[in-house]
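Have a look at the structure below before the remarks.
The values are calculated or read from the model by the stated rules, or taken from the named source; none is laboratory data. Model, not experiment: these values are computed from the prediction. Counting neighbours? That spans all protein chains shown, and the Cβs are built from the backbone with ideal geometry, glycine included.
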Amino acid sequence: MAQAVYRFYVFVQVRYGRVVEEVSGRVLVQPVDEFNRPRRVVTMVRVPLSAGEVEALFEGWRWSLPSAGAGFLPAARDYVAASLWRRVGLRISESARLEVGDWYPQMGAHGAVHVRWGKGARGSGPRQRLVPAIDGVDRLLAWWLGEVRPQFGDDLAGGRAVLLPSRRGAPGAGRRAVCAATLRQGLAGAVARWLPDWSGRLTPHVLRHFCASWLYGRGVGLSAVQALLGHVWVSTTAAYVHVPAERIEEQWAQANARVGVRLLGAAAAASGMGVVSGAVGAAVEGG
């Protein structure tokens, strides 16, 4: 049943997502979350969004924050959450359950985020991991915790306060963690405004795929990407990585160049061996 619902919504999102949004004013959301998503479902191949498209989305989103007025705090929170999906590949459920004390700014070169509620394999329970705050996440969290998060009004002492709070809860009584649906809506609204061609298609999980492809394209090894994303199997990580055709062509050209160098070297060595053999033969005959 879950498989049928999941595949139906995938079809509708891809084929009619824009139409549904234009008619109803609401973004079509996949109701089957990643924990209940059926395994081994074959979906259509999609062209992944480019680095330029992602940069355009987040650039417009970032510059719009100061003009958000009363909506600044939730807009900034949604931006931070989406940045974590984009830059270090956190799952939406992992980011929603982070606490202030899960940020360790002195750990390593960039600091690290302690993910305590990572997805386990086949119901094995949460799998913890440390996620290095690479790709600007250290500066992002310094800004969030230093300037924005205190404005929600609850006590951050002790580190047990949620990192990404809801607006619910009286100041001083502790904020609740923001729910995944709210974060999805925040991303959908930003996409509709700053990257409309991807409305109804760009989800938190797509940004997680982008993170894997982006890091791999910059030379980060597959096993390192696997550790960052918290995958049990490297084959899962390999399925996340979308290698652009340009890189395949580049790698092909480099491989051909290396083969050419080896062939030239072998030919030169063979030619040198021939000269030496001739000289030795002449010396033997002369002796």
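Points worth noting:
- Some residue of the stretch 251-264 being at pLDDT 80 or above, closer than 23 Å to Gly52 by Cα and either of a type outside the set (Ser, Thr, Tyr) or surrounded by 10 or more Cβ atoms within 10 Å (Cβ to Cβ) (or both): no
- Residue match in the stretch 183-202 (condition: among the hydroxyl-bearing types (Ser, Thr, Tyr) and either out of contact with any Asp or Glu (no Cβ under 8 Å at 6 or more places or on another chain) or free of Cβ contacts under 8 Å to residues at least 12 places away in the same chain (or both)): no
- For the stretch 110-127, filtering for residues that are at pLDDT below 95 and either outside any strand (DSSP E or B) or polar (S, T, N, Q) (or both) leaves 8.
- Screening the stretch 220-236 for residues that are among the polar types (S, T, N, Q) and at pLDDT 90 or above and picking the one that is nearest to Leu90 (Cα to Cα) gives Gln226.
- Of the residues screened, Pro126 is not one that is closer than 21 Å to Gly52 by Cα, out of contact with any Leu (no Cβ under 7 Å at 6 or more places or on another chain) and either of a type outside the set (A, V, I, L, M) or assigned by TED's automatic domain parsing to the domain that holds Asp102 (or both).
- Subset of the stretch 60-108 (residues that are in contact (Cβ under 8 Å) with a residue 12 or more places away in the chain and either loosely packed, with under 13 Cβ neighbours inside 10 Å or at positive phi (or both)): Gly89, Gly108
- Residue match in the stretch 159-168 (condition: assigned to a helix (DSSP H, G or I) and at pLDDT below 95): yes
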